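Q: Just passing along the structure, written as structure tokens.
The values are calculated or read from the model by the stated rules, or taken from the named source; none is laboratory data. A quick note: this is a predicted structure, and the numbers were derived from the prediction, not measured. Glycine also receives a Cβ, built like all others from the backbone with ideal geometry; neighbour counts cover every protein chain displayed.
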Ligand SMILES: O=C([C@H](O)CO)[C@H](O)[C@H](O)COP(=O)(O)O
């Protein structure tokens with residue numbers, strides 16, 4: 001099980017300070033959507049150059065013009081690009097094709113998906129990596145429920161990531177579902193001591 005740190009709502013220097021503190025305990029580094037909107041592909045490139053042995057996830061949340069956006073992120077050094085599950089099948093196919101050309105991967109973000117029909121369709125399109133996602137704004141009302149895992153319980157071909165306000169209190173229940181990747185943003189990035197928190201979460205995962 002891998003730990004992915006999500007860099008969201010941070011300034012450029014804060015991203016690098018945070019990564020210096022957490023690099024030993026995180027496996028995958030997510031350049032968050034807002035960070036990409038602020039600093040563009042330049043920060044994806046910089047992070048890959050600084051952390052070449054980490055897997056870099058560009059959280060593009062692509063939903064259209066998939067070919068172009070996937071190329072942009074892969075050219076900048078991303079190893080994985082996120083694409084929204086509700087995108088047209090053509091978008092999913094195009095991004096998967098680009099990923100194959102670059103020998104990289106697509107992670108399909110299942111935010112908002114409630115129907116298993118879409119899961120079957122995604123499998124048939126050749127998707128192999130998905131993220132169960134309880135959104136930031138949804139978290140204002142309630143916490144993520146582990147019922148979210150029901151969506152993929154019949155899809156044995158997927159590698160599954162999970163995200164949505166995960167912290168040291170919610171992690172034990174999540175680990176029981178054996179996801180491949182646990183994505184943690186604010187519990188690490190807003191912590192007084194991000195190094196300690198990421199080490200603790202990694203220890204709990206292991
Ligand atoms: O993808 C994310 C969200 O949509 C904001 O862009 C976050 O990276 C993801 O939810 C993890 O962050 P936390 O919920 O703060 O753990």
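Q: I'd like the residue in region 111-125 that is loosely packed, with under 14 Cβ neighbours inside 10 Å and farther than 23 Å from residue 81 by Cβ and, out of all such residues, is farthest from the ligand (Cβ to nearest atom).
A: If we take residues in region 111-125 being loosely packed, with under 14 Cβ neighbours inside 10 Å and farther than 23 Å from residue 81 by Cβ, then 117 is farthest from the ligand (Cβ to nearest atom).
Q: Right, residue 40: out of contact with any helix residue (DSSP H, G or I) (no Cβ under 8 Å at 6 or more places or on another chain), at pLDDT 95 or above, within 12 Å of the ligand (Cβ to nearest atom) and more than 17 Å from residue 196 (Cα to Cα) or not?
A: Considered against the rule, which asks whether it is out of contact with any helix residue (DSSP H, G or I) (no Cβ under 8 Å at 6 or more places or on another chain), at pLDDT 95 or above, within 12 Å of the ligand (Cβ to nearest atom) and more than 17 Å from residue 196 (Cα to Cα), residue 40 comes out as no.
Q: Quick check on my filter: what residues within region 4-25 are under 11 Å from residue 188 (Cα atoms), within 12 Å of the ligand (Cβ to nearest atom) and surrounded by fewer than 21 Cβ atoms within 10 Å (Cβ to Cβ)?
A: 8
Q: Within 15 Å of the ligand (Cβ to nearest atom), surrounded by fewer than 22 Cβ atoms within 10 Å (Cβ to Cβ) and modelled with pLDDT of 95 or more: does that describe residue 62?
A: When the stated conditions are applied, residue 62 does not pass them.
Q: Consider residue 108 against the criteria (1) touching a helix residue (DSSP H, G or I) at 6+ places or on another chain (Cβ under 7 Å); (2) away from the ligand (no atom under 16 Å from the Cβ): it satisfies all of them except one. Which criterion is unmet?
A: Every listed condition holds for residue 108 apart from (2).
A quick yes/no check of all residues on (1) more than 10 Å from the ligand (Cβ to nearest atom); (2) over 18 Å from the mean Cα position of the chain (by Cα):
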residue: 127; (1), (2): yes, no
residue: 132; (1), (2): yes, no
residue: 141; (1), (2): yes, yes
residue: 152; (1), (2): yes, no
residue: 159; (1), (2): yes, no
residue: 169; (1), (2): yes, yes
residue: 176; (1), (2): yes, yes
residue: 184; (1), (2): no, no
residue: 194; (1), (2): yes, yes
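Q: Step by step: first the residues of region 73-97, then only those that are surrounded by fewer than 20 Cβ atoms within 10 Å (Cβ to Cβ) and out of contact with any strand residue (DSSP E or B) (no Cβ under 8 Å at 6 or more places or on another chain), then the one that is nearest to residue 49 (Cα to Cα). Which residue is that?
A: Checking each candidate, the answer is 75.
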